1. Quick one: which of 123, 129 is modelled with pLDDT of 95 or more, surrounded by 22 or more Cβ atoms within 10 Å (Cβ to Cβ) and out of contact with any Ser or Thr (no Cβ under 6 Å at 6 or more places or on another chain)?
2. Could we say that residue 134 is under 30 Å from residue 23 (Cβ atoms), out of contact with any strand residue (DSSP E or B) (no Cβ under 8 Å at 6 or more places or on another chain) and surrounded by fewer than 18 Cβ atoms within 10 Å (Cβ to Cβ) here?
3. Identify, by number, the condition in (1) closer than 20 Å to residue 76 by Cα; (2) crowded, with 22+ Cβ neighbours inside 10 Å that residue 160 doesn't meet.
4. Hey, among the residues in the stretch 31-59 that are over 18 Å from residue 173 (Cα atoms) and more than 17 Å from the chain's Cα centre (by Cα), which one's surrounded by the most Cβ atoms within 10 Å (Cβ to Cβ)?
5. Looking for whichever is among the hydroxyl-bearing types (Ser, Thr, Tyr), more than 18 Å from residue 25 (Cβ to Cβ) and touching a Phe, Trp or Tyr at 6+ places or on another chain (Cβ under 6 Å) here; the options are 146, 166. Which one fits?
6. Out of 24, 48, 29, 3, which single residue is within 25 Å of residue 208 (Cβ to Cβ) and in a loop (DSSP other than H, G, I, E, B)?
7. Being in a loop (DSSP other than H, G, I, E, B) and free of Cβ contacts under 8 Å to residues at least 24 places away in the same chain narrows it down to one of 78, 56, 105, 74, so name that one.
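The values are calculated or read from the model by the stated rules, or taken from the named source; none is laboratory data. Please read these numbers as outputs of a predicted model, since none were measured by experiment. All Cβ positions, glycine included, derive from the backbone under ideal geometry; neighbour counts span all protein chains shown.
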Amino acid sequence: MSLITVEQLAAMIQSNKADSLAALWCDSLSSAMEEYEINTVRRMSIFLSQAGHECRWFSKLEEDLHYKPKTAFRVFRRHFTNYADCVSICSKGPQALANRVYANRMGNGDESSGDGWKFRGEGIFQITGENNFLEIQEKLGIDLISNPSVAKQPEIGSRMAAYFFSSRGCKELSDVWDVDSVSRKVNGGDNGLIERRHLADMVAVILDED
């Protein structure tokens, strides 16, 4: 028995593509949640709401980094020497920006290695950094290092997110409805906390209707 139905997932997505996206992702999400015991209303609600926020309900499965300089400087300020440096990097496009802001961290090489762009956010949880891809590759037996973009595929992306959620203690945090702490585990910061809380409440109502 599936943990969620296509109708429930479509009600969460709430877009003109809700039915098709729900049909595409429902079985993979349900299977991944079952595999990693994300199987209560609280756990499923927070897991699915985090996915919904991170990838805009499966419509944004890859970080594009098309930032204007002002936004890039606000978000990634510590990675630039000054605003002029930020303007210069942004003028070279999203690949240059990724290689700068993700260099020398999360297992990535330096700016010239290209790792920042290769291991930018992928999949429904926008998982980032070579270390995370290496860890998940080892645990799931999927070749992610050669081709990180396979994270966009429903079966692989769902399993990656479910593993990440489970391995970071998010199930236990979900059991006590600590949406903020789960959000920080998934996102690495406080981005979108208000929306994440709202989505978790909304998903819980949909799952609890039956």
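1. 123
2. Taking the combined requirement at face value, the residue does not satisfy it.
3. (1)
4. Looking at the filtered set, the residue picked out is 31.
5. Selected residue: 166, the only one of 146, 166 that is among the hydroxyl-bearing types (Ser, Thr, Tyr), more than 18 Å from residue 25 (Cβ to Cβ) and touching a Phe, Trp or Tyr at 6+ places or on another chain (Cβ under 6 Å).
6. On inspection, the qualifying residue turns out to be 3.
7. 56
Results for (1) part of a loop (DSSP other than H, G, I, E, B); (2) on the phi > 0 side of the Ramachandran plot; (3) free of Cβ contacts under 8 Å to residues at least 12 places away in the same chain; (4) not aromatic (Phe, Trp, Tyr), shown as yes or no for each residue.
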site: 125; (1), (2), (3), (4): yes, no, no, no
site: 145; (1), (2), (3), (4): yes, no, no, yes
site: 149; (1), (2), (3), (4): no, no, no, yes
site: 165; (1), (2), (3), (4): no, no, no, no
site: 190; (1), (2), (3), (4): yes, no, yes, yes
site: 194; (1), (2), (3), (4): no, no, yes, yes
site: 202; (1), (2), (3), (4): no, no, no, yes
site: 205; (1), (2), (3), (4): no, no, yes, yes
